[in-house]
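Only one structure is covered here, and it is reproduced in the block below.
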Amino acid sequence: MRAMRRGRALLMWTALLLGLFGAAVADAALVAIDPVKVLLTGAAPSKSISLRNNGSERVRFQMSGFTWQQSIGGEMQLAPTPDLVFFPSLVELAPGETRRVRVTTTQQVASNERSYRLFVDELPPLAAQPGGAIRVLTRFGIPVFLAPDAAAAKPLLRLAVQAGKLSVSLENRGNSHYVAQSVRLVGRSADGSSVLSQDLPAWYVLAGGRREYQLPLAPEVCSKLTQVSANANTDHGSARLDYPVPSSACTP
C-alpha cells in the first residue's frame, strides 16, 4: 500500500509538472565544439573554434566574454570584459552545419598569463516547440588564455594541522595556469599504518593562484596522526609534500 501511495504521489506530481510546464521537455542542442580550450600567444594572437550542429533542429548561439579569476575555494569569479574579441557573436546553425568563431584579445602579452571565459549560450528557438514542450538550453564555457612569452606553471603544496583541522593549499607559483588532475592525502600513525586517506576535488589553478581546502579531523584520527603526505598530479608535473604533525596539532 505504501508503494502504491508513493506511485500515486509521483503520478500526481508528474501530472502537476506537465500541467505547469507542458507535455514534454525538448532535448538540449547537440553541438560539438572544438577546441574546448583556446591558448593565445604573441606568435598566434588569434584562434578559431568550430561549432557543429549534430542535432536535427536549427539552433542559435550567442557569445559573451568574461575575465576569469578564482577564489581560494575554487569558485569562478567572472566579470564582463571588452578585452576578449570574438566574431561572429551570434551564430545560427542548420542541422549538420559547422561554423567557425574567431577569438582574439585587445590585450598585449604580459609577464603573467591572462585568463578569460568565452561563453556560448543557446538562444530560445524562434518557433514554438511542438506540443508546448520546454527547450532545455545549453551553455558552454570555453577557457581562453593569453600566455606569456616564457610560460611556466609551478605547482606547490603546503600543509598544516592545527586545532584539529587539516589545511591544504595547492598553489601555483608560475606565470601560467595548470590543471590539477588529482590531489591525494594520506595520514599515518607512529607505526606507519594509514589512518587517513582522502582524494580532494581538483581543477584549474590559475597563474599566481591557489586552492585551499579545510578538513576537520575526528579526534580519534587526529590523535594518531604523526605524518600527512600530499601528492598533486597536474598537467605540468607533480608536487609532493610530507608534513610531520606536531604533538599540539589536535589541541583546540
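Go through ALA44, ALA79 for me and flag whichever is of a type outside the set (Phe, Trp, Tyr), over 17 Å from ILE142 (Cα atoms) and either part of a strand (DSSP E or B) or at pLDDT 95 or above (or both). Show your work before the answer.
Numbers: ALA79 fails: over 17 Å from ILE142 (Cα atoms).
Every option except ALA44 fails the conditions.
Mind checking which residues of region 92-119 are touching an Asp or Glu at 6+ places or on another chain (Cβ under 8 Å), touching a residue at least 40 places away in the same chain (Cβ under 8 Å) and β-branched (Val, Ile, Thr)?
THR105, VAL109
Given the conditions (1) exposed (fewer than 14 other Cβ atoms within 10 Å of the Cβ); (2) touching a residue at least 60 places away in the same chain (Cβ under 8 Å); (3) farther than 23 Å from ASP149 by Cα; (4) not hydrophobic (A, V, I, L, M, F, W, C), report the number of the one that SER89 does not fulfil.
Unmet for SER89, out of (1) exposed (fewer than 14 other Cβ atoms within 10 Å of the Cβ); (2) touching a residue at least 60 places away in the same chain (Cβ under 8 Å); (3) farther than 23 Å from ASP149 by Cα; (4) not hydrophobic (A, V, I, L, M, F, W, C): (2).
Could you run through region 150-201 and say how many residues are part of a strand (DSSP E or B) and in contact with a helix residue (DSSP H, G or I) (Cβ under 9 Å, 6 or more places away or on another chain)? Break it down stepwise before answering.
Keep residues of region 150-201 that are part of a strand (DSSP E or B), which gives 155-162, 165-172, 178-188, 194-200.
Remaining after also requiring in contact with a helix residue (DSSP H, G or I) (Cβ under 9 Å, 6 or more places away or on another chain): 161, 165-166, 187, 195-196.
Total satisfying the criteria: 6.
Residue check, VAL25 against (1) out of contact with any Ser or Thr (no Cβ under 6 Å at 6 or more places or on another chain); (2) modelled with pLDDT of 95 or more; (3) surrounded by 12 or more Cβ atoms within 10 Å (Cβ to Cβ), all met but one. Which one?
Every listed condition holds for VAL25 apart from (2).
Assess whether GLN62 counts as being within 22 Å of the chain's Cα centre (by Cα) and over 20 Å from LEU206 (Cβ atoms).
Values: within 22 Å of the chain's Cα centre (by Cα): yes; over 20 Å from LEU206 (Cβ atoms): yes.
Here the answer is yes, as GLN62 does meet what is asked.
Among (1) modelled with pLDDT under 95; (2) more than 27 Å from PHE86 (Cβ to Cβ); (3) surrounded by fewer than 16 Cβ atoms within 10 Å (Cβ to Cβ), which single condition is ALA152 missing?
(1)
I need a count of the residues in region 77-86 that are touching a residue at least 60 places away in the same chain (Cβ under 8 Å) and either exposed (fewer than 14 other Cβ atoms within 10 Å of the Cβ) or of a type in the set (Gly, Ala, Ser) (or both). Let's see the steps before the verdict.
The first filter runs over region 77-86 and keeps only residues touching a residue at least 60 places away in the same chain (Cβ under 8 Å), leaving 84.
Within this subset, residues satisfying the condition of being either exposed (fewer than 14 other Cβ atoms within 10 Å of the Cβ) or of a type in the set (Gly, Ala, Ser) (or both) are none.
Residues in region 77-86 being touching a residue at least 60 places away in the same chain (Cβ under 8 Å) and either exposed (fewer than 14 other Cβ atoms within 10 Å of the Cβ) or of a type in the set (Gly, Ala, Ser) (or both): 0 in total.
The values are calculated or read from the model by the stated rules, or taken from the named source; none is laboratory data. What you are looking at is a predicted structure, and each value in this text was computed from that prediction instead of being measured. Glycine also receives a Cβ, built like all others from the backbone with ideal geometry; neighbour counts cover every protein chain displayed.
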